[in-house]
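Visitor: Pasting a structure here, questions to come.
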Amino acid sequence: MSSLETSFAGAKRRICLDFGTAFSKASAFVEIEGPAREAVHALAIGAAAGADHPLLTPSVMFVDQGRILFGPRALERARACVAVERDPILSFKLILAARDIEQALNLKVRPSVDPTGTLRYRDALVLYLAYLDQLILAAIHRDETLPQDLLGAPRRYTSPIWRTRAEGDRAMARLFDEAAIVSARLGSMLLASDGASIAQCKDALDKAQQALGIGQLEAGVFEAHAAAAAYGAFSRNARDFMLVIDMGAGTTDIAGFALKPGAQGPVLAEVAGARQSCGLAGDEIDQIISSLLIEKFKLKHREDQAVLWRSLGLSARGLKRDLFLNGKCSFLHAGASRSLQLKELLRSRRFKEFCAALTAACAISMRALHTNAFGQGNERLSILLAGGGANLSFLRDVAADAAGQAGVRAQADIEIFGENWYLPNGFDPNLANAFPQVAIALGGALATLTDEPMAAEPATS
Ligand SMILES: Nc1ncnc2c1ncn2[C@@H]1O[C@H](COP(=O)(O)OP(=O)(O)OP(=O)(O)O)[C@@H](O)[C@H]1O
Ligand SMILES: [Mg+2]
């Protein structure tokens, strides 16, 4: 087991970024006397970006007509360009997950993303981090309760990928430093509704690459540890054993923890064998929904199907939300509308296979937690659903079935992250349904990291 606790050791202030596959989130930690939960603030980067949700901004970049657009504007422009074989960059996670991160970062992005052939993945990531830096600056300016010099605070980022501090953070540290320089040079141009010119971006990137680092990055935090730190800080009655199932868009991350006595109060210790990261997450469901809708359009020509597929890809998250909220979603394409019922999704072969595979993965972690930590007495286990997937009703059934498979159904309570918990300082109660998503950034700012590099490699399925 590696220990993990929530404390104020280290920096007195810090900013934590969670650049998730679907949405980026950010939080600020400001040292105070008092409980940990009052020291972190969710930053309204979504509001600064003009996104639908004040705390979430879509993780998207789009290159168009010599300019680079970011966030909601990039998504809008990508939607307008579906017919011309152009794609946005929707995720950096695959790049960051590569075995050789330096090599992956040096690859050129695909021509369908950058027809000018200018950008490597590292350029795109630096620019995206610089954009987030500008959003954070704007969010801090808008929030009078925050100290205005927070922007210079050390940075953390959350990651589902387990790397040793030396390898992963060295590459990321350089990118964060370059992003700070690019952000300072391009300033609010990065937030302009028509984006920034590629020539100016390239110039700023070149200057940043030549500059010395300022050492802004403090650390990467494993996402499950961030989730556990959030649990420790915000839960009203923390259980002795818990399993976090964080379903995002790109990955579902699972980890188990046990509450142990520590010198300064209880600490959450990770149960090593319970950790997994798998691709059975929101994007996979989006693909299933898209393919069910594509079948309904019955398009004959491959080119038409490709345009429809691209168009559905940019709308699938909204369709999935409608489907689970209203039991139905509709999509309009080339003047024709097609609907899909939730029951059609739930009955489809691919969705059933998806649920079965996810249930089996969760059961493996529950068994590991059972074998290594709890189950000796009358303890109870909390299964905590985090990430945007916590909004999807079927995930509760998956967790319950997995507990059944692992033989722990009778001891398990299934909770959605944040339900009946304390809310962070200044957190609008109307936004409480975003807590399972924002919690990773909040916990990442709070987590103590001393033992992370000692932990075992995660099982990846
Ligand atoms: N209300 C909702 N109804 C249905 N799905 C939702 C809802 N809110 C979020 N999601 C889904 O949750 C996912 C986004 O969750 P989250 O923000 O936790 O992911 P992420 O952090 O961007 O991804 P990852 O952690 O995999 O990189 C998307 O697939 C999104 O469609
Ligand atoms: Mg996430």
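Visitor: Could you please let me know if Leu268 is away from ligand 1 (no atom under 16 Å from the Cβ) and buried (at least 20 other Cβ atoms within 10 Å of the Cβ)?
Guide: Values: away from ligand 1 (no atom under 16 Å from the Cβ): yes; buried (at least 20 other Cβ atoms within 10 Å of the Cβ): yes.
The answer is yes for Leu268.
Visitor: Exactly one of these conditions fails for Leu308: (1) in a strand (DSSP E or B); (2) closer than 24 Å to Glu353 by Cβ. Give me its number.
Guide: Among (1) in a strand (DSSP E or B); (2) closer than 24 Å to Glu353 by Cβ, Leu308 violates only (1).
Visitor: Could you list, in sequence order, all residues of region 59-86 that are acidic (Asp, Glu) and assigned to a helix (DSSP H, G or I)?
Guide: Going through region 59-86, the residues acidic (Asp, Glu) turn out to be 64, 76, 85.
Scanning region 59-86 gives a single hit, Glu76.
Visitor: Also, I was wondering about something else. So which residues in region 367-417 are outside any helix (DSSP H, G or I), on the phi < 0 side of the Ramachandran plot and within 16 Å of ligand 2 (Cβ to nearest atom), if there are any at all?
Guide: Narrowing region 367-417 to residues outside any helix (DSSP H, G or I): 373-387, 392-393, 406-408, 412-417.
Subset that is on the phi < 0 side of the Ramachandran plot: 373-374, 376-386, 392-393, 406, 408, 412-417.
Leu384, Leu385, Ala386, Leu392, Ile416, Phe417 - these are the residues of region 367-417 that are outside any helix (DSSP H, G or I), on the phi < 0 side of the Ramachandran plot and within 16 Å of ligand 2 (Cβ to nearest atom).
Okay, residues lined up against (1) modelled with pLDDT under 90; (2) more than 18 Å from Ser197 (Cα to Cα):
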{"site": "Val126", "(1), (2)": "no, no"}
{"site": "Tyr131", "(1), (2)": "no, no"}
{"site": "Arg142", "(1), (2)": "no, yes"}
{"site": "Pro147", "(1), (2)": "no, yes"}
{"site": "Ala153", "(1), (2)": "no, yes"}
{"site": "Pro160", "(1), (2)": "yes, yes"}
{"site": "Thr164", "(1), (2)": "yes, yes"}
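Visitor: Please specify each residue of region 398-417 satisfying the condition of being farther than 16 Å from Phe257 by Cβ, exposed (fewer than 15 other Cβ atoms within 10 Å of the Cβ) and touching a residue at least 24 places away in the same chain (Cβ under 8 Å).
Guide: Gly407 - this is the single residue of region 398-417 that is farther than 16 Å from Phe257 by Cβ, exposed (fewer than 15 other Cβ atoms within 10 Å of the Cβ) and touching a residue at least 24 places away in the same chain (Cβ under 8 Å).
Visitor: Considering only region 193-206, state which residues are in contact with a helix residue (DSSP H, G or I) (Cβ under 7 Å, 6 or more places away or on another chain), surrounded by 14 or more Cβ atoms within 10 Å (Cβ to Cβ) and at negative phi.
Guide: Step one: of region 193-206, the residues in contact with a helix residue (DSSP H, G or I) (Cβ under 7 Å, 6 or more places away or on another chain) are 193, 195-196, 200-201, 204-205.
In the following step, the residues that additionally are surrounded by 14 or more Cβ atoms within 10 Å (Cβ to Cβ) were identified as 195-196, 200-201, 204-205.
Listed by number, the residues that qualify are Ala196, Gln200, Cys201, Ala204, Leu205.
Visitor: Within region 402-411, is even one residue more than 10 Å from Phe241 (Cβ to Cβ), in contact with a Leu (Cβ under 8 Å, 6 or more places away or on another chain) and among the charged types (D, E, K, R)?
Guide: no
Visitor: State all residues of region 21-56 that are assigned to a loop (DSSP other than H, G, I, E, B) and of a type in the set (Gly, Ala, Ser); if no residue qualifies, say none. Break it down stepwise before answering.
Guide: Restricting attention to region 21-56, the residues satisfying the condition of being assigned to a loop (DSSP other than H, G, I, E, B) are 21-22, 31-35, 39, 43-44, 50-52, 54-55.
Result: Ala22, Gly34, Ala39, Ala44, Gly50, Ala51.
Visitor: Here is a follow-up. Listed residues Asp177, Asp169, Asp206; which is away from ligand 2 (no atom under 16 Å from the Cβ), part of a helix (DSSP H, G or I) and either of a type in the set (A, V, I, L, M) or free of Cβ contacts under 8 Å to residues at least 12 places away in the same chain (or both)? If you could, list the steps in order and put the result at the bottom.
Guide: On the way: Asp177 fails: either of a type in the set (A, V, I, L, M) or free of Cβ contacts under 8 Å to residues at least 12 places away in the same chain (or both); Asp169 fails: either of a type in the set (A, V, I, L, M) or free of Cβ contacts under 8 Å to residues at least 12 places away in the same chain (or both).
Testing whether each residue is away from ligand 2 (no atom under 16 Å from the Cβ), part of a helix (DSSP H, G or I) and either of a type in the set (A, V, I, L, M) or free of Cβ contacts under 8 Å to residues at least 12 places away in the same chain (or both) leaves just Asp206.
Visitor: Inside region 312-343, can you point out the residues that are at pLDDT 95 or above, buried (at least 16 other Cβ atoms within 10 Å of the Cβ) and away from ligand 1 (no atom under 16 Å from the Cβ)?
Guide: Arg338
A quick yes/no check of all residues on (1) within 16 Å of ligand 2 (Cβ to nearest atom); (2) over 26 Å from Leu94 (Cα atoms); (3) in contact with a Lys or Arg (Cβ under 7 Å, 6 or more places away or on another chain):
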{"position": "Gly256", "(1), (2), (3)": "no, no, no"}
{"position": "Lys260", "(1), (2), (3)": "no, yes, no"}
{"position": "Leu299", "(1), (2), (3)": "no, yes, no"}
{"position": "Arg338", "(1), (2), (3)": "no, yes, yes"}
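Visitor: May I ask you to list pairs of residues, at least six apart or on different chains, whose Cβ atoms are under 7 Å apart, with the first in region 366-391 being in the same structural domain as Ala255 (by TED's automatic domain parsing) and at pLDDT 85 or above and the second being within 14 Å of ligand 2 (Cβ to nearest atom) and of a type in the set (D, E, K, R)?
Guide: From region 366-391, the pairs are Ala386/Asp246; Gly387/Asp246.
Visitor: What pairs come up if the first residue lies in region 17-30 and is within 16 Å of Leu217 (Cβ to Cβ), the second is of a type in the set (Val, Ile, Thr) and near ligand 2 (Cβ under 8 Å from one of its atoms), and their beta carbons are under 7 Å apart, counting only those six or more places apart or on different chains?
Guide: Asp18/Thr158; Asp18/Ile440
Residues checked against (1) in the same structural domain as Arg170 (by TED's automatic domain parsing); (2) aliphatic (A, V, I, L, M); (3) modelled with pLDDT under 90:
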site: Phe70; (1), (2), (3): yes, no, no
site: Glu76; (1), (2), (3): yes, no, no
site: Val82; (1), (2), (3): yes, yes, yes
site: Pro88; (1), (2), (3): yes, no, yes
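Visitor: Which residue pairs have Cβ atoms closer than 9 Å, lie 6 or more positions apart in sequence or on different chains, and pair a first residue in region 418-435 that is of a type in the set (Asp, Glu) with a second residue that is part of a loop (DSSP other than H, G, I, E, B)?
Guide: As it stands, the answer is Asp428/Pro54; Asp428/Leu55, since those pairs meet every condition given.
Visitor: Those residues that are part of a helix (DSSP H, G or I) and either touching a Gly at 6+ places or on another chain (Cβ under 7 Å) or within 15 Å of Lys296 (Cα to Cα) (or both), I need them from region 321-342; list them, please. Spell out the reasoning first.
Guide: First, the residues of region 321-342 that are part of a helix (DSSP H, G or I): 321-326, 342.
If the condition is that a residue be part of a helix (DSSP H, G or I) and either touching a Gly at 6+ places or on another chain (Cβ under 7 Å) or within 15 Å of Lys296 (Cα to Cα) (or both), then Leu342 is the only one that fits.
The values are calculated or read from the model by the stated rules, or taken from the named source; none is laboratory data. Everything numeric here is computed off the predicted structure, so don't read it as measured data. All Cβ positions, glycine included, derive from the backbone under ideal geometry; neighbour counts span all protein chains shown.
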